[in-house]
Amino acid sequence: MEVDVAKANAELAGKHPKEIVEWATKLGGKTIVTTNFGPFEAVILHLATQVKPDMEVVWIDSGYATRKTYLFAEKLISDLGLNVTVYNPLMSAARRDALMGIPDVDDPQHEEFTNQVKLEPFGRAMRETAPDVWLTAVRRDQTEFRKNMEIVTQDKPGAVVKVAPVLEWTEADMQAYLAKHD
C-alpha cells in the first residue's frame, strides 16, 4: 500500500480524530490499533471501535503495568468488546527483575531493558499481525520529538501506513472526550 503522505496530511489537518480513523480504515488492507492501556488509551480504542467494531487491538503488555491498569484494561476490553491480541516480552517480568532488576534511565542496561519489554514484543506484533495501516494514540504535546510529527507517515513505499488520529489533541481534549463518552 502506498499513500500520498503530503496530500493526506493536508486533507486531515484539523479534522476530528474519528474522521481520521474513518479515512484510515477506507485505505483498505488490514488496520490495527496498538495500546498499552495507559490513562488516555480509551480514547483511541473507543474511536477505533466506533468506526470498525472488530478492529484488531494489539496490546503490548510489558508485564510492568499496575494492578489498576490491568483492571482498567479488562473493563475496557469487556465494555468495548475489543478484539485483543496480547504480546508479552519473551522473558517474564519476575525473571527479568531477578536477573537484572529494573534499571534506571541512565543505567547502561536500560537500553536492553527497553528492547526486551517494549521493542521486541512490538516488532514481533507488527511482523505477526502484518498490518497495512497502524493507528496509534501519540500526541504532539507528549514529547519534544512528537511536536514535529505528522498525522500520516510511511517510512517507505509499501511499508505500514502509520496514522495518529489524536496527534493534534491536547490532554484537555482527551479528558473532554473521556468525560463525554464515559
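Take every Cα pair under 8 Å whose residues are at least 6 apart in sequence, average their separation, divide by the length of the range 112-177, and the relative contact order is 32 percent.
Could you list, in their original order, any pairs among K68/K156; K52/K75; K7/K68 whose Cα atoms are separated by more than 31 Å? Beyond 31 Å: K68/K156; K7/K68. DSSP beta bridges confined to the chain are antiparallel in about 10 percent of cases. Rolling a 1.4 Å probe over the protein heavy atoms gives the chain an accessible area of 56 Å² per residue. Spacing of the modelled spin labels on L99 and Y70, each 7 Å from Cα toward Cβ, amounts to 2.1 nm.
Taking all protein chains together and rolling a 1.4 Å probe, T25 ends up with roughly 40 Å² accessible. Over the range 55-127, with a single point scatterer placed on each C-alpha, what log10 of the ratio I(q)/I(0) does the Debye formula yield at q = 0.17 1/Å? Here log10 of I(q) over I(0) equals -0.71.
Ligands, DNA and RNA excluded, the heavy atoms of K118 present near 120 Å² of accessible surface to a 1.4 Å solvent probe.
Measuring nothing but protein heavy atoms, the accessible surface of the range 26-99 at 1.4 Å probe radius is 55 percent carbon and sulfur. Heavy-atom accessible area for S62, with the other protein chains in place and a 1.4 Å probe, reaches approximately 30 Å². Using a 1.4 angstrom probe on heavy atoms only, work out the carbon and sulfur share of the accessible area of the range 105-170 in %. The value for the range 105-170 is 51 percent carbon and sulfur by accessible area. Sites listed here are GluC sites (Glu not before Pro) in the range 84-156 whose DSSP assignment is loop and whose Cβ has at most 10 other Cβ atoms within 10 Å: E144. Across the chain, C-alpha contacts under 8 Å between residues 6 or more apart give a mean separation that, scaled by the residue count, equals a relative contact order of 29 percent.
The values are calculated or read from the model by the stated rules, or taken from the named source; none is laboratory data. From a predicted model like this one, the values you see are computed outputs, not experimental measurements. Please note: Cβ atoms are built from the backbone with ideal geometry, for glycine as well, and neighbour counts cover all protein chains shown. Just so you know, the surface numbers come from the protein's heavy atoms only, side chains and all, with ligands and any DNA or RNA stripped out. Shrake-Rupley method; radii C 1.70, N 1.55, O 1.52, S 1.80 Å.
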